[in-house]
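**Student:** Take a look at the following structure, please.
The values are calculated or read from the model by the stated rules, or taken from the named source; none is laboratory data. For clarity, every value in this text was computed on a predicted model and none was experimentally measured. Note that each Cβ is placed from the backbone with ideal geometry, even for glycine, and that neighbours are counted across all protein chains shown.
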Amino acid sequence: MELTDLQQLFVHELKDIYSAEHQILKALPKLIKATSNDELSTALENHRQVTEKQVERLETVLAGIDEDGRGQRCKGMEGLLEEGSSLLKEDATSQVLDAGIIAAAQKVEHYEIAAYGTLVSFARRLGHTNAAHLLEQSLIEEKEADLKLTEVAEFYVNNLAA
Ligand code: FE
Ligand code: FE
Ligand code: ZN
């Protein structure tokens, strides 16, 4: 892929997070199934639904600049999700596993926060006002998901795991 200006890097990064969101959509049901805490499974299920809308939002942004999400595999997300799924194979008690699932999910959220933060800045600089607005919505949702997971960890899961 040719990368000689910010617009091209914008497209590159959009394709990366598009791939990441798809990988998350595929992985979340497995994580949800592995949880034994209702607060946690509800939080993850809510975020799964939010993620479906984020994928649509990315499709809107990409279509707005005559692009699509094809052509890139997010290796960063692949690695993070691999760590998450290998955790599920450990010999863990259900409470400790819940704490570990939160840890893995928050690493995913932080990757996304970094990605969307950059994308919002790029979109603004490039004058893609509508794209900036849409990407900012997703950025806010990722931050909310991260906060929610901290809350679930600190109010419910960590106490049980300790
Ligand atoms: Fe997301
Ligand atoms: Fe990536
Ligand atoms: Zn997310």
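**Student:** Identify, from the list Thr129, Thr150, the residue that is away from ligand 1 (no atom under 14 Å from the Cβ), under 18 Å from the mean Cα position of the chain (by Cα) and of a type in the set (S, T, N, Q). Please lay out each step first, then the result.
**Tutor:** Values: Thr129 fails: under 18 Å from the mean Cα position of the chain (by Cα).
Criteria check complete, one pass: Thr150.
**Student:** In the range 15-72, what residues are small (Gly, Ala, Ser), more than 21 Å from His133 (Cβ to Cβ) and away from ligand 3 (no atom under 15 Å from the Cβ)?
**Tutor:** Within the range 15-72, Ala34, Ser36, Ser41, Gly71 meet the criteria.
**Student:** While we're looking at this one, here's another question. Suppose the filter is part of a loop (DSSP other than H, G, I, E, B) and more than 30 Å from Arg124 (Cβ to Cβ); does Ser41 pass it?
**Tutor:** No.
**Student:** Would you check which residues across the range 1-52 are under 17 Å from the mean Cα position of the chain (by Cα) and among the β-branched types (Val, Ile, Thr) and list them?
**Tutor:** Result: Ile17, Ile24, Ile32, Thr42, Val50, Thr51.
**Student:** Looking only at the range 122-147, count how many residues are polar (S, T, N, Q) and farther than 22 Å from Arg48 by Cα.
**Tutor:** Selection size over the range 122-147: 2.
**Student:** Might you let me know whether the range 85-101 holds any residue that is within 16 Å of ligand 1 (Cβ to nearest atom) and closer than 30 Å to Ser36 by Cβ?
**Tutor:** The answer is no, given that none of the residues of the range 85-101 is within 16 Å of ligand 1 (Cβ to nearest atom) and closer than 30 Å to Ser36 by Cβ.
**Student:** Looking at the range 67-162, what helices (runs of 4 or more DSSP H) fall wholly within it and have at least 2 residues that are surrounded by fewer than 14 Cβ atoms within 10 Å (Cβ to Cβ)?
**Tutor:** The qualifying helices (runs of 4 or more DSSP H) are 75-87, 94-125, 129-152.
**Student:** Here are the criteria: (1) farther than 16 Å from Leu40 by Cβ; (2) charged (D, E, K, R); (3) out of contact with any Leu (no Cβ under 9 Å at 6 or more places or on another chain). Tell me which single one Arg125 does not satisfy.
**Tutor:** (3)
**Student:** If you don't mind, there's one more thing I want to ask. Can you run down the residue pairs with Cβ atoms below 8 Å, 6 or more apart or on separate chains, where the first is in the range 132-146 and closer than 15 Å to Leu62 by Cα and the partner is at pLDDT 95 or above and loosely packed, with under 15 Cβ neighbours inside 10 Å?
**Tutor:** Leu134/Thr60
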